[in-house]
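Right, one structure below, let's go through it.
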Amino acid sequence: MVSELLKGYRMLDLTDERGASCGKMFADMGAEVIKIEPPQGCSTRTIAPFLEDVPGPDRSLYAIAYHAGKKSVTANLESSDARALVADLAAKADFLVESFPVGYLDSIGLGYDELARRNPRLIYTSITPFGDKAPARDYKWADIITWAAGGMMYMMGEEGKPPVQMSVPQAGLHAGGEAAVASMIAHYPRQVDGQGQKIIVDMQACIVWTLMNEQAMPILHGDHIRRSGVFTGSAGTRRKMIFRCRDGHMSALVAGGTVGGASTKALVMWMNEHGFAADWMLEKDWTTWVPGMFMKLTERDNFEINDLEDRIQRFFLTMTKDEIYEGTLKRRILLAPVATVADIARDRQLKAREYFVEIQDDTLGRKLTMPGAFAKLSVTPVGPHAPAPRIGEHNIEIYGGLLGISADRLKSFSAKGAI
């Protein structure tokens, strides 16, 4: 069932991995998303892994996931014929998202100013590595560069060792998500005054936004969190966050105060049922226990933190992730399993919410299990309703039907390498 949230709206998607998720979200919300890619296909189609480990433009799991529900037309932007076709499509579009080097589309007549003259309603979103202002606008991009420049990579790794990269490239996914949000924010005033606008998404800034509380630490505490592996904290004060269990790892942070203290007390009482709690833990008023990450700790504070973390570790080693998680849900403890891909695939909550959906792909001759709705709405469905398109699968439908280009002319364009 196709969502009707954005039914009747059209987006042109001229992105690669720096923004594929933006068009995906719009397609999930019911917009007609036309992916414009080179005749040889978008670079996202070469991203591994591939379905059943067999490479091919229709078998990249990245492309299968992030182009689901879109339509594909081909356009060689080095060709004046192709550029004219894209400009004609933009005249009939409501949104456009692109991730070309800053200034490139302007140089070939497909920049915002040119397209907005024909279509003042167009919301034109550009995803850039470092914004559109000199000198950073011309800096080279790679996922690892964005993670490092955005600050997140500084936090990742072991104390005293170099930082490490995120396991799977994700900067483009954050940028695509922010591009989708920004485009929808711009859509709100357009419904009043009918005017579109240009949006610049800075990928580095998108990563800065993922730092959460780390950004405020220097201002609020006069210090910053260090790279410290399974611990979190600053110089001289560390808290363990990752604990081993029988079949993996759990994430937990011992804390005091009204909320954190209630969680820690519940964990201590659970540990006591199995003989792992010390007497001092049972006598402690955890709601008033507040040795923060940047406080100067007393000898007693350090003893309590170390003893509690050691006992938690030994307690968790007696159970599996599922057993610990079930226990924490019953006792309202602030804790989460460190999930593997396999854990997520069999997660009972996601199954109960019917998060994963099956999409029939006739080209591949099979059903594909896909990530479903990014949000559950009470009336209007959200989520992929069609598989990822083949390269140029909708050339005739879009160029012929929407723009009224004759079949003979399309053949001519194809023969000249324009589409």
Helices (runs of 4 or more DSSP H) wholly inside region 170-232 containing at least 1 residues that are assigned by TED's automatic domain parsing to the domain that holds Thr125: 171-193, 203-208
Going through (1) without any contact (Cβ under 8 Å) to a residue 12 or more places away in the chain; (2) closer than 12 Å to Met203 by Cβ; (3) touching a helix residue (DSSP H, G or I) at 6+ places or on another chain (Cβ under 8 Å) one by one, Ala142 fails only at (3)
Check Gly8 against each of (1) within 20 Å of Val168 (Cα to Cα); (2) surrounded by fewer than 18 Cβ atoms within 10 Å (Cβ to Cβ) and name the one condition it does not meet. (1)
Qualifying position, being of a type in the set (A, V, I, L, M, F, W, C) and not in a loop (DSSP other than H, G, I, E, B), among Ala375, Ala342: Ala342
Looking only at region 274-282, decide whether some residue is touching a strand residue (DSSP E or B) at 6+ places or on another chain (Cβ under 9 Å), modelled with pLDDT of 95 or more and over 25 Å from Gly160 (Cβ atoms). no
Anything in region 234-290 that is assigned to a loop (DSSP other than H, G, I, E, B), in the same structural domain as Ile333 (by TED's automatic domain parsing), free of Cβ contacts under 8 Å to residues at least 60 places away in the same chain and of a type in the set (Gly, Ala, Ser)? List them, or say none. Gly256, Gly275, Ala277, Ala278
So Leu377, is it farther than 30 Å from His274 by Cβ and either buried (at least 18 other Cβ atoms within 10 Å of the Cβ) or under 30 Å from the mean Cα position of the chain (by Cα) (or both): yes
If you go through Gly30, Gly8, Gly69, the only one that is touching a helix residue (DSSP H, G or I) at 6+ places or on another chain (Cβ under 8 Å), at positive phi and not aliphatic (A, V, I, L, M) is Gly69
If Ser167 satisfies every condition in (1) more than 19 Å from the chain's Cα centre (by Cα); (2) loosely packed, with under 15 Cβ neighbours inside 10 Å but one, which is the exception? (1)
Residue selected from region 331-356 under the condition of a type in the set (A, V, I, L, M, F, W, C) and crowded, with 17+ Cβ neighbours inside 10 Å, by the criterion nearest to His67 (Cα to Cα): Leu335
In the set Ala142, Ala134, Ala87, the lone residue that is closer than 29 Å to Ser414 by Cα and either in the same structural domain as Asp193 (by TED's automatic domain parsing) or out of contact with any Lys or Arg (no Cβ under 7 Å at 6 or more places or on another chain) (or both) is Ala87
Of (1) buried (at least 19 other Cβ atoms within 10 Å of the Cβ); (2) outside any helix (DSSP H, G or I), Thr328 satisfies every one except (2)
Please count how many residues of region 137-190 are of a type in the set (S, T, N, Q) and within 20 Å of Phe100 (Cβ to Cβ). 2
Quickly run through region 312-324 and pick out the residues that are surrounded by fewer than 18 Cβ atoms within 10 Å (Cβ to Cβ) and part of a helix (DSSP H, G or I). Gln313, Arg314, Asp322, Glu323
Tally, over region 64-78, of residues that are free of Cβ contacts under 8 Å to residues at least 60 places away in the same chain and among the charged types (D, E, K, R): 1
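The values are calculated or read from the model by the stated rules, or taken from the named source; none is laboratory data. None of the values given here were measured: they were computed from a predicted structure. Note that we place each Cβ from the backbone using ideal geometry, even for glycine, and neighbour counts take in every protein chain shown.
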